[in-house]
């Protein structure tokens with residue numbers, strides 16, 4: 001059976017004067033209808049780049065240099081721009097990190113909603129407005145009629161993110177890519193937005209790719225996780241399995257670093273020593289080896305393959321396979 | 001919005017008072033109106049009498065209030081050379097200058113907008129590099145040199161365009177006030193070279209300003225989001241990015257229109273254009289103080305009015321300003 005979205009050996013490079021820099025290397029995953037996937041990792045792991053690569057909207061000088069992105073069986077990674085526009089914002093919507101910066105400050109919410117519908121449907125303004133109202137109600141915006149004629153600066157951060165979710169719902173997309181949708185928000189608002197996203201994905205049967213560094217958020221919302229490190233997926237599997245029994249030392253480190261659970265008040269949080277390597281000096285062998293607590297000689301010379309451990313789990317680690 | 005407009009107008013009035021104060025102080029200190037009026041032959045006693053009669057011995061502040069009072073009623077003093085009210089002289093000359101400034105302003109808008117947008121969207125093309133290089137050259141060449149070069153090429157060598165005067169004008173309102181060159185082919189021909197010269201100083205600035213503002217806007221998240229929504233490139237560039245680009249540009253345009261009025265002095269001199277700038281230079285040569293002060297006040301008020309109007313337009317375009325004005 002073909003998947004709704006299948007990313008196969010995706011490779012993204014940045015063209016620099018000194019030569020091409022590989023940002024994403026051999027990333028593969030699948031997403032089915034109504035499925036929720038978490039892309040997890042520290043800053044610089046390549047999560048967002050993966051997200052933008054899917055809708056072919058990489059900032060220059062980034063470009064897709066290899067692999068395939070199959071959406072409903074069709075490769076969209078090499079599609080021309082005008083064809084891609086029929087998918088981008090229509091079949092696949094994106095939610096950005098900072099709702100303060102995502103809406104255009106000089107147009108009303110109504111204008112920004114209606115234009116999205118008009119870009120994808122032969123539709124009258126009145127009809128578009130009706131749909132916009134309906135979607136605003138879905139994300140629990142009070143008195144939506146009034147809100148349509150307001151500007152983004154008249155809303156709070158949480159409200160703006162709801163509006164952006166409403167915009168992404170306008171065309172009833174098959175997939176929503178949410179790039180750190182709650183990072184810029186208060187903790188209490190974070191939970192609300194996450195609940196809303198989960199609820200909408202379930203009721204509308206939309207696929208969700210949730211890009212975040214927050215394992216706690218991912219574990220609440222998604223069914224499966226792919227953990228990224230230095231442009232590669234290093235562990236993937238069902239959310240429950242990974243959170244309860246992380247196999248890769250990096251994933252284990254991330255989970256140990258979460259506050260709560262075994263920690264007592266006053267005790268220091270765990271951390272993974274060192275930093276994510278920059279793209280220009282990724283270490284030989286396993287990219288994680290300088291920070292790894294269980295490494296061996298082979299880790300410093302040979303890249304571990306992402307292998308199935310037989311329990312629907314993929315791990316890229318010499319020591320754990 | 002109403003409160004915002006009222007506040008802007010109040011500010012404008014305040015600025016006008018300051019301009020008039022400076023103007024009056026200059027008038028008060030430079031030149032002797034009694035000498036201007038009576039010449040050399042009158043005795044000192046008679047001069048003192050005239051001074052007393054004209055109120056020139058009153059305290060500064062009393063004289064200033066009288067000056068403002070007169071100015072509000074449209075009386076900015078007499079031009080001793082023209083033997084009529086200074087304001088009348090200026091009003092007569094104003095249309096010529098206005099037409100040049102409007103023409104130059106239109107040129108700037110029509111050329112800088114498309115070029116600014118194009119160079120921001122395609123900064124690496126040969127044409128963009130050419131425009132940017134040429135605009136650097138444009139800023140650094142002084143306006144009188146541009147004007148003389150234009151006259152030499154198009155007037156003297158090619159004989160395509162007239163190089164001085166306003167050409168054939170028509171009376172717009174039928175009362176002899178606004179003699180316009182806008183409505184005759186000859187008048188328009190005469191406008192071309194002066195307008196290009198006047199525009200040449202501001203044009204490169206605007207191309208660069210629009211380009212850099214637009215490039216900045218194109219990098220913002222909301223433009224990236226507009227792409228992610230699947231909008232067409234034209235809508236993203238010309239609606240989403242352009243409106244945000246326009247905000248700072250409008251403010252600068254208001255200031256620059258005022259500065260262009262000042263630059264007409266040079267342009268009008270080179271082209272023998274019978275406008276306010278030309279009149280100003282003549283007035284300086286004749287030490288016609290009243291006329292100089294009247295010029296200062298009139299140009300000051302044009303500056304203030306243009307900027308107030310621009311601010312109000314800005315308030316309509318930028319929604320966040322309206323909130324602040326409530």
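Points to keep in mind about this one:
- Qualifying residues in region A:166-205 (those that are part of a helix (DSSP H, G or I) and touching a helix residue (DSSP H, G or I) at 6+ places or on another chain (Cβ under 6 Å)) - the one surrounded by the fewest Cβ atoms within 10 Å (Cβ to Cβ): A:198
- Checking B:317, B:250, B:312, B:259 one by one, the residue that is modelled with pLDDT under 85 and within 14 Å of chain A (Cβ to nearest Cβ) is B:317 and no other.
- Residue list for region A:87-96, filter: within 18 Å of residue A:162 (Cβ to Cβ) and more than 8 Å from chain B (Cβ to nearest Cβ): A:95
- Test: residue in region A:107-116 that is in contact (Cβ under 8 Å) with a residue 40 or more places away in the chain, within 12 Å of another protein chain (Cβ to nearest Cβ) and outside any helix (DSSP H, G or I): yes
- With respect to (1) touching a helix residue (DSSP H, G or I) at 6+ places or on another chain (Cβ under 7 Å); (2) within 12 Å of another protein chain (Cβ to nearest Cβ); (3) under 30 Å from residue A:169 (Cα atoms), the lone exception for residue B:237 is condition (2).
- Residue in region A:18-25 that is part of a loop (DSSP other than H, G, I, E, B) and closer than 18 Å to residue A:278 by Cα present: yes
The values are calculated or read from the model by the stated rules, or taken from the named source; none is laboratory data. Remember, it's a predicted structure, so these values are computed and weren't measured experimentally. In this analysis, Cβ positions are derived from the backbone assuming ideal geometry, glycine residues included, and neighbour counts consider all displayed protein chains.
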